[in-house]
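The values are calculated or read from the model by the stated rules, or taken from the named source; none is laboratory data. Quick caveat, the model's predicted, so the values are computed rather than measured. FYI the Cβ positions are ideal-geometry reconstructions off the backbone, even for glycines, and counts take in every protein chain you see. Protein only, heavy atoms only, side chains kept; ligands, DNA and RNA dropped before computing areas. Shrake-Rupley method; radii C 1.70, N 1.55, O 1.52, S 1.80 Å.
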Amino acid sequence: MTSARRRRTVRRTPRRTARAAGAPAGLVLAAALVALTGCGDGTPTFPTDPDGTLERVRGGELRAGLSPHEPWTALGPDGTLGGVEVALVEDFADALGADVTWTTGGEEALVADLEEGRLDVVVGGFTASTPWTSKAAVTVAYTTVTDEHGKPEGHVVLAPMGENAFLVALERHLLDQEVTAP
C-alpha cells in the first residue's frame, strides 16, 4: 500500500519592516517605548490625564460646580448645598482624600469653567441626553429613573474631556454607589 504524499507549498511574501524601509531598528524601538510608557518614570499608566487631574485632586482639592436642580442638587437660601449628587461628589472626594470647593451657577458658566480647567466635576441633575456632550465628558449613568413620558433616563456627572484616569476613577466610584432616585 502506497500512501500518496502531498507536497505543501507555502508561499511567503516578504514583509516590509522598519529596517527595510530605512529606519534603524533602535529608533523604531525607542519610539514604541515612548509611545507605550509616556514621559514619566517609565511605568506605563493607562488611562492617563494629560492635565494630571486625578493626581492633583488626590490628597488635595476637588473643584466642583453645582447648578441647582432639585432634588438632585439643591442650594438653600443660606448657601447650604444638598441633594444626591452633592453627597456623591463629597464621597468621591473623601475616597481621594480631597477637600471639595464648590462653585454654584448656571449650567453654561459651569461647563465653561470645566472646559477651561477651573472645575473638575459639574453636577446639576444631568441626564445622558445632556446637550453638553460636545464640551464635557459624561460619566456612565449612576442611576436610572423614568421620565414623565415613561422613558428611562440615566443620570450622569460631567467631567473634563480627555482626563481619562480621573473619569475612570469617578465612574468606578459612582458605579460602586447604590443610588435610588429621590
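Inspect the stretch 94-102 for any residue being aromatic (Phe, Trp, Tyr) and assigned to a strand (DSSP E or B) and give the result as yes or no.
Filtering the stretch 94-102 down to residues aromatic (Phe, Trp, Tyr) leaves 102.
The next check asks that each one be assigned to a strand (DSSP E or B); those that pass are 102.
Within the stretch 94-102, one or more residues are aromatic (Phe, Trp, Tyr) and assigned to a strand (DSSP E or B).
Determine, yes or no, whether GLY59 is at positive phi, modelled with pLDDT under 95 and either outside any helix (DSSP H, G or I) or among the aromatic types (Phe, Trp, Tyr) (or both). Break it down stepwise before answering.
Details: at positive phi: yes; modelled with pLDDT under 95: no; either outside any helix (DSSP H, G or I) or among the aromatic types (Phe, Trp, Tyr) (or both): yes.
Judged against the criteria, GLY59 is not a match.
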I'd like the full set of residues that are within 16 Å of LEU96 (Cβ to Cβ) and either touching a Pro at 6+ places or on another chain (Cβ under 6 Å) or not in a helix (DSSP H, G or I) (or both), limited to the stretch 169-182. GLN177
Out of ASP99, ASP51, which single residue is open to solvent by 60 Å² or more (accessible area, probe 1.4 Å), modelled with pLDDT of 95 or more and within 30 Å of TRP132 (Cβ to Cβ)? ASP99
Among residues of the stretch 56-96 being over 18 Å from the mean Cα position of the chain (by Cα) and of a type in the set (Val, Ile, Thr), the residue farthest from TYR142 (Cα to Cα) is THR80
Scan the stretch 152-175 and give yes if some residue there is modelled with pLDDT of 95 or more, among the acidic types (Asp, Glu) and open to solvent by 40 Å² or more (accessible area, probe 1.4 Å), otherwise no. no
Residue that is farthest from GLY79 (Cα to Cα) [pool: residues in the stretch 110-132 that are surrounded by fewer than 14 Cβ atoms within 10 Å (Cβ to Cβ) and out of contact with any strand residue (DSSP E or B) (no Cβ under 8 Å at 6 or more places or on another chain)]: PRO131
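Collect the residues in the stretch 69-93 that are assigned to a loop (DSSP other than H, G, I, E, B) and either touching a helix residue (DSSP H, G or I) at 6+ places or on another chain (Cβ under 8 Å) or surrounded by fewer than 19 Cβ atoms within 10 Å (Cβ to Cβ) (or both), keeping them in residue-number order.
Result: GLU70, PRO71, TRP72, GLY76, PRO77, ASP78, GLY79, THR80.
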Regarding the stretch 14-29, can at least one residue be identified that is in a helix (DSSP H, G or I), modelled with pLDDT of 95 or more and surrounded by 12 or more Cβ atoms within 10 Å (Cβ to Cβ)? no
